[in-house]
Amino acid sequence: MSGDRKGAGGGSTDAEADDLDASRSLARDAAALPDLDAGGSSDRDTSPSPDRDASAPSAGRRPPLLLALALGAATTTLLSLGHRDVGYTRDEGIYFAASRAYGGWAATLAQRPGEALSAPVRDRAFAVNQEHPALMKLAGGVAARLVATPTVPSPGAQGGDPPTRGLAPLLPEGAAMRLPAQLLAGLGVALLTLAGAGLGGSWIAGVLAALWFIALPRVWFHAGLHCFDVPVAVMTLAVALAYRRALSSPRWGLALGPILGVAIAVKHNALFLPVLLGLHYLVCLGRAGALGRPRLWPALPFASMATLGPLTAFALWPWLWSDPIGRLAGYFAFHRQHSYYNTEYLGLNYNQPPLPLAYPFTLTWATVPTCLLLLAAIGLAIGLWRDLSPRTGSLRQDPKDRRWSAPLRPGEGMDGLLLALLALFPLALIALPTVPIFGGTKHWMTAYPFLALAAASAWGALWRAVTPASASAVGAPLRRRARVLLAPLLALALLLGPSIRSTIHAHPHGLEQYAPLIGGARGAADLGLLRGFWGHALTPLLPTMAGLGERPFDLHDLHELARVQYEREGRWPPGLRPAGTSRAQAALLFHERHMTTYEVQQWNALGTATPAAIVELDDVPLTSLTVRGVNQSDGDPPPADDRGP
Amino acid sequence: MSPRRPALIALGVVLAVAAVEWVAAARAYRRAISGADWRALDAHLAAIPGDEAIVLAERWLGPRARLEVPRLRRWSSAAPPDLAGWPRFHVVSLGGEPWTRDLRGEWPEWPLGHVPEASSRDHLGPFTIHHFSPPGAAETVADLLEGRLEVRDARGRCPERAGGFACKQGRVERVVAEVTFTPRRCLRLAVDDGDALTIRAPAALLGDTLRGHLGFDDFNARLRSDAPLLLTIAVDGARIAELTLSDAQGWAAFEAPTPAGRHDLTITVLPTSAGTWGDRGYQDRPLHAPCLELRSLRHPGGAG
């Protein structure tokens, strides 16, 4: 697409020209996803923007690859180091055990492929946690075999998993197993930097997109875990970016299927993508006037997703290799009949559907700074407006030479609609009254990369509109140019500050953090919003627990397999033996509204309602450690004149 | 309007909200209560007479508050039945407002009547201590289930054992139970289906009113059963109250007028179904156990 804007060298000082310039760029620039392999979308403006100038005047339209790589690497490094303080979540306990089984299978595959590929050996390994695809657990298991430091023998370990030692021991076993997800988080940040830079027309927009996503406390928390939520969000982004290119490139059309297959092999959220992309594609065809050509309906991108996608997912999940239909049916049945979780929302405990329709939207607002959501909403609105605006020039004609392998031309992709679909669908899905109650924001986190990109597109469009082209022109006075360069940087800091502060302050309890306008953790506690749900806010208590000596110990919501992981790494106090509440001499309690049941059981069993130690976030108790004989409850004196018969 | 203007407005609004969030973040992301604040609160509450109740406006503060302030470890603070029966009581609040969502339901006249106004307030660092002396408030004469009791089921007397009563058809215990996600100190009646349980308080000291609550323990059980229960209360053999209660009523309050002085009090409880329904039909676990608290109150100018 040729640029309507004046080139940098032709900058005018005429305010009217700037205004016209601004309105055009506002309509044109928003929500046009970039082509990552081509250094920017071919239908995009080629003129430099003020903040693009700020970053790399000579870089022109090339995506800031080095910046993306640096941010991605920094993300992975910080996650790998920082998440040593993040306790092991309930789900991770199970995935650790699965990863040990899958990693053992991978080791056998490397040494004795014939044996590993035999059905009994394969099934024995992959039967563990068969309700989720294997890819991330397999990657975690392999990572542990490569870089885990030696684990200690754990006599109580379920299944008697043997101690392991990686080939190049660098990280504790749990940290090693978390590494693949952290690498994917780094990839997500790099992709967002590139895509955001393309959308917003500057490296600052790229940074905005990347940090909009990763600097959210909950995203940061999930990004470092050996779980699937941020990995599937990253893979959803990868699928979307590949799909965008696949509409006009046969090469990407072929690649789309395997990329989708990898996404499905991470988590089932990706199964919705072909439907959403199909809907988007049909609207695009209709808008291009090509809907009446049936041969374009099953275009190459969709043929690839329909064939290579399932094949790739199948290849990456050895559990399905025997009895694929039966096991696939079992997989779907598990998720269709998912049990309802307890979740607290505005002071009420929900454990049966429906949740209020507003639930995912309110929780998103409560956990993401409002300024970021506003910018994303503006980006979505501008993108949709652009898509619905009357087409001009060549885009108005329907060329007869459309190919099955590349059905759309650049510029026909309706990127605004694509962003809106992918950003809003995950929230809308959770809002449906028939969907099982899940509760955590992680279940719609796949929306966040697209909200981040929408924010980047709004950023680009708004700055272009408000900045006179003449101000950044080469010939403009240096002071004026400097002011124009500095303003976006200051605005970026202003915009991202609350989020970054929130994340740093909450670490390692990002799952319990809330947005500033909610009042953080204290405000959420006052409002009766969910405090936590994964039995992980434990690590600050480990030194105190180590001083308790030999005691039967109630783990409460700490999963036994998560405890085993601490034990394997020598972090679990050896004297604390798991026991039921009635026999325990000390107990953990992870505070949630419905956990009051277990809290009072502990009071009754331990003879005290007073903890010995507490993990808190801004005065809000997350976890209590209660010990028999410590801080015994005082009885109430009887009323003065109740002297009995 | 210039096309630049909407962009300027949009950008301005976004950045203004960001600025507000910087300020909000500075307030939200820090501890509001220091160790010195807790020590000051401890000293302040220690001076309050022992027969006056002290409760927290924000229940979520409970664990730290009990750890730092021994006075708040009493059952009347940690698991109170409600705020009836206290001529003077005190509310410790962090946000400044005493009648939070947690506490409004503790006032006996809520939601039909108004909550009382504090007679005075003390400000102590981040805390506000609201002092209440509601006009016409009753005083507690006796907590009838904490005194001497005789318990029988259909198969005979239940001997007192380890702080509770061991019946042939179950167990009766003084415990703290979770009822509607709130700790309540009460008498938990874990008995078999359809068997009446009789609790007798001989020569119980009564005021002019008997006030009590009944609720069902354990959210898992409440989720899996709505079976009602029949509760009958008699004074010297004369029935003064007969109630059918279910867990939909939460921590159900009831009151009945009583003759003042010492009288025999008999409570009969008939749970229709003590078990719960699940995937495998009706099962005896988790137990849908009722929990009962009962006090005699005396209003100003009342008998007794």
Kindly establish whether A:L589 is surrounded by 23 or more Cβ atoms within 10 Å (Cβ to Cβ), within 14 Å of chain B (Cβ to nearest Cβ), in contact with a Ser or Thr (Cβ under 7 Å, 6 or more places away or on another chain) and assigned to a strand (DSSP E or B). yes
Inspect all residues belonging to the stretch A:450-458 and state whether any of them is touching a residue at least 24 places away in the same chain (Cβ under 8 Å) and surrounded by fewer than 23 Cβ atoms within 10 Å (Cβ to Cβ). no
Among the residues of the stretch A:493-519, which ones are in contact (Cβ under 8 Å) with a residue 12 or more places away in the chain, more than 8 Å from chain B (Cβ to nearest Cβ), under 30 Å from A:R464 (Cα atoms) and open to solvent by 20 Å² or more (accessible area, probe 1.4 Å)? A:I500
Would you be able to tell me the number of residues in the stretch A:285-319 that are assigned to a helix (DSSP H, G or I) and either modelled with pLDDT of 95 or more or among the hydroxyl-bearing types (S, T, Y) (or both)? 18
So, in the stretch B:66-92, exactly how many residues are part of a loop (DSSP other than H, G, I, E, B) and among the hydroxyl-bearing types (S, T, Y)? 0
In the stretch B:189-202, what residues are open to solvent by 30 Å² or more (accessible area, probe 1.4 Å) and not polar (S, T, N, Q)? B:D192, B:D193, B:G194, B:D195, B:A196, B:R200
Kindly indicate whether any position in the stretch B:154-167 is modelled with pLDDT under 95, within 15 Å of B:E293 (Cα to Cα) and in a strand (DSSP E or B). yes
Number of the condition not met by A:R522 [criteria: (1) open to solvent by less than 20 Å² (accessible area, probe 1.4 Å); (2) within 8 Å of chain B (Cβ to nearest Cβ)]: (1)
So for the stretch B:129-145 (the condition being touching a helix residue (DSSP H, G or I) at 6+ places or on another chain (Cβ under 9 Å) and either loosely packed, with under 14 Cβ neighbours inside 10 Å or outside any loop (DSSP other than H, G, I, E, B) (or both)), does at least one residue qualify? yes
Does the stretch A:213-220 include one or more residues that are outside any helix (DSSP H, G or I), among the aromatic types (F, W, Y) and crowded, with 24+ Cβ neighbours inside 10 Å? no
With respect to B:G215, determine if the residue is over 18 Å from B:A138 (Cβ atoms), in contact with a Phe, Trp or Tyr (Cβ under 6 Å, 6 or more places away or on another chain) and surrounded by fewer than 22 Cβ atoms within 10 Å (Cβ to Cβ). no
Residues within the stretch B:1-48 that are in contact (Cβ under 8 Å) with a residue 24 or more places away in the chain, in a loop (DSSP other than H, G, I, E, B), more than 7 Å from chain A (Cβ to nearest Cβ) and not hydroxyl-bearing (S, T, Y), tallied: 1
Can you tell me how many residues in the stretch A:599-622 are of a type in the set (G, A, S), in a loop (DSSP other than H, G, I, E, B) and out of contact with any Leu (no Cβ under 9 Å at 6 or more places or on another chain)? 2
Applying the selection to the stretch A:333-363, what residues are under 26 Å from A:F590 (Cβ atoms), open to solvent by 10 Å² or more (accessible area, probe 1.4 Å) and part of a helix (DSSP H, G or I)? A:F334, A:H335, A:T362
Those residues that are free of Cβ contacts under 8 Å to residues at least 24 places away in the same chain and either in a strand (DSSP E or B) or within 15 Å of B:L231 (Cβ to Cβ) (or both), I need them from the stretch B:280-302; list them, please. B:G281, B:Y282, B:Q283
Qualifying position, being β-branched (V, I, T), buried (at least 18 other Cβ atoms within 10 Å of the Cβ), in contact with a helix residue (DSSP H, G or I) (Cβ under 7 Å, 6 or more places away or on another chain) and more than 14 Å from chain B (Cβ to nearest Cβ), among A:V615, A:V564: A:V564
I'd like to know if the stretch A:249-270 contains one or more residues that are β-branched (V, I, T) and open to solvent by 50 Å² or more (accessible area, probe 1.4 Å). no
Every residue in the stretch B:221-260 that is open to solvent by less than 60 Å² (accessible area, probe 1.4 Å) and among the charged types (D, E, K, R), please. B:R222, B:D247
Do we find that B:I48 is β-branched (V, I, T), under 41 Å from the mean Cα position of the chain (by Cα) and surrounded by fewer than 20 Cβ atoms within 10 Å (Cβ to Cβ) in this structure? yes
Hey, among the residues in the stretch A:88-144 that are without any contact (Cβ under 8 Å) to a residue 24 or more places away in the chain and not in a helix (DSSP H, G or I), which one's most open to solvent (accessible area, probe 1.4 Å)? A:R112
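The values are calculated or read from the model by the stated rules, or taken from the named source; none is laboratory data. Please read these numbers as outputs of a predicted model, since none were measured by experiment. FYI the Cβ positions are ideal-geometry reconstructions off the backbone, even for glycines, and counts take in every protein chain you see. SASA here: full protein model, heavy atoms, side chains in, ligands and nucleic acids out. Shrake-Rupley method; radii C 1.70, N 1.55, O 1.52, S 1.80 Å.
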